[in-house]
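Notes follow the structure.
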Amino acid sequence: MKMRLHSPVLMVLAAIAVALSFAGCQKAAKPVAKSAVADVTNVNVQTVSRGTILQQFAITGDLAALDKTTLTAKTTGRIVSLPVLEGDRVRAGQVIAQLDPTEALASIRQYEASVRNLQVKVQQAITQYNQSVTNSLLSVKNAKSQLEAAKTALQKTQAGGRTEEKAEALHQLEQQQANLDNAQWAYNREVELYNSGAVAKADLENALTTYRTNQAQVQYYKQNYELIQKGRPEDIATSQQSVRQYQIAYDNAVANLANAKVNRDNILSYEAQVQQAQQEVAQYRQQLADLTIRTPYDGYVASRSVTLGQTVNAGTTIAEVDNIKTTYFEPTVSETDYRRVRPGQPVKVVMDAYPGRTFNGVVAEIYPSANTTARQFTIRVTVPNPGGILRPGMYARGTITTDVHRNVVLVPLTTLLSRDSTNSGAVGSYGVAIGGVKATPQRVVLLGSGNKAISRNVETGLRDDTNAEITSGLRGGETLITQGEASLRDGDPVRPMNGATTAQ
């Protein structure tokens, strides 16, 4: 026989059982907050203190090498040495590959010998040139001296005798002229005497002879005086001929000097050949240097693309080298965080590969455009790697500090309540993103005089994952209720359970 469930007795018993079960569940789920004796709420408290709070947000990304260089062959050649393997650590200037230098070395030796031979010819040409110019200068000097001497002699010849000779000739001329005058007077007297018959005809003829003799003498001394006065024509002609000959000799000497200077072209020609040979040497030395492929910096060989003995052409990839002195990763940030990021901001970076160790990075670059789908901006964070322990591909997690407030009032985030919260509780009303702004007006509960609860409205500033900055409502030193505050109203009696009993 089945029991009927609508029996009044059974229904009452079922209701009592449900009520007892519900009460037991409530008691097991949450302990009674108030004392059963005095109706006092047990709470924990702490003193409101001042400190430093950071505005931060997290970023993640994979490490990459800041510099990655592809080393290629600069000329054609056969690889004769490959001293590194993939993954090897290399130093700046270390040889990665060596192409066969035999031909380049032979060409260098050949052109270096040409340079030496041509330099000897240059010195010989310089010696010959200097000797030729010296001889020509001496010839010009001698010819000039002879020409000047000939011109001086001509001037003397054209000037006649010395002053003493001129005076003597003039004296002789004047004396002979006086003798002529006397002879003419004697002759005129003999003519008169002869006409009067006083003298014989022979006396007249003798006087005439004497006159004519003195006349000839005067003519002779006159010509002699004139020659001494202006020089003899034959002497002048001889001197003029000498001047012409020495002028020709001087002109030839000057022309020879000019030709000697022109001969300097031989020196210039040899010097040009030396320069050409030196250029050939430099070209083959550069070719020899190009046959050796070196890494430009410290790093690791990321890949090697050739084998020993392989002939490569210019442009052939030899190897890739990663410079990991500085690594980087490129996380994305939201539009809100993007506005607070600046180049140069420090970034604390941790790696899963090195737990417990922090690396100091820095924001190096902020890309100006956002991803149109996710509305995220990309930034570049560089991480110095002086020890070379960080490798491309490692997972990096960083924290960017965008603001720091020092000596400010701080309270635990868990103590913040919304101002419209009721006794039913509003636990978690502080829950906003780290560094975000408050969503609702906030309040905290303080321990007042007589161990009574006091609600205090506050304004908040920066927040981290533990604390919030109080910009208004608290000064520091107040006693803050940190546990059990959610169900309290102003004036509710409380009992501090963690030893702090000072009321503010």
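None of the figures in this text is laboratory data; all of them are computed from the coordinates on show. Computed from a predicted model, the values in this text were never measured in an experiment. Please note: Cβ atoms are built from the backbone with ideal geometry, for glycine as well, and neighbour counts cover all protein chains shown.
Here are a few things to note about the model shown:
- Put simply, the amide H of Thr402, placed in the peptide plane, has neighbours under 5 Å in Gln55, Gln56, Phe57, leaving out anything fewer than 5 places away on its chain.
- Subtracting the Cα-Cα distance of Thr69 and Gln483 from their residue separation scaled by 0.36 nm leaves 143.1 nm.
- Fully extending the segment from Asn313 to Ile389 would add 23.8 nm, taking 0.36 nm per residue of separation and subtracting the current Cα-Cα distance.
- Relative contact order computed over the range 41-153 (Cα-Cα under 8 Å; 6+ residues apart), in percent: 15
- HN-Hα J in Hz across the range 408-413 - Karplus 6.51, -1.76, 1.60, θ = phi - 60°, x for Gly and Pro: 10, 6, 10, 9, x, 4
- Amide hydrogen proximity for Ala319: with H placed 1.01 Å from N in the peptide plane, the residues at 5 or more positions away or on another chain lying under 5 Å are Leu71, Ser305.
- One chain, two ends: Lys261 and Arg91. Fully extended at 0.36 nm per residue, the span grows by 55.5 nm beyond their Cα-Cα distance.
- Gyration tensor (alpha-carbon) shape descriptor, the range 111-265, a/c threshold 1.5: prolate
- Per-residue Karplus couplings for the range 300-308, computed as 6.51 cos²θ - 1.76 cosθ + 1.60 with θ equal to phi - 60°, are listed in order as 10, 6, 7, 7, 9, 10, 10, 10, 4 Hz, Gly and Pro entered as x.
- Measuring r between the beta carbons of Leu193 and Asp235 and using R0 = 51 Å, the FRET efficiency lands at 0.60.
- Karplus-based coupling profile of the range 487-495, in residue order and whole Hz: 9, 8, 10, 4, x, 5, x, 9, 10, with θ = phi - 60° in 6.51 cos²θ - 1.76 cosθ + 1.60 and x standing for Gly or Pro.
- With the cut-off at under 13 Å, measuring from each backbone N in the range 349-379 to a point 7 Å along the Cα-to-Cβ line of Arg397 picks out 349-358.
- Here the range 78-131 and the range 237-254 have alpha carbon centers that stand 60 Å from each other.
- Close amide H pairs (under 5 Å, H built 1.01 Å from N) link Met497 with Val43, Asn44, Val45, residues at least 5 positions away or on another chain.
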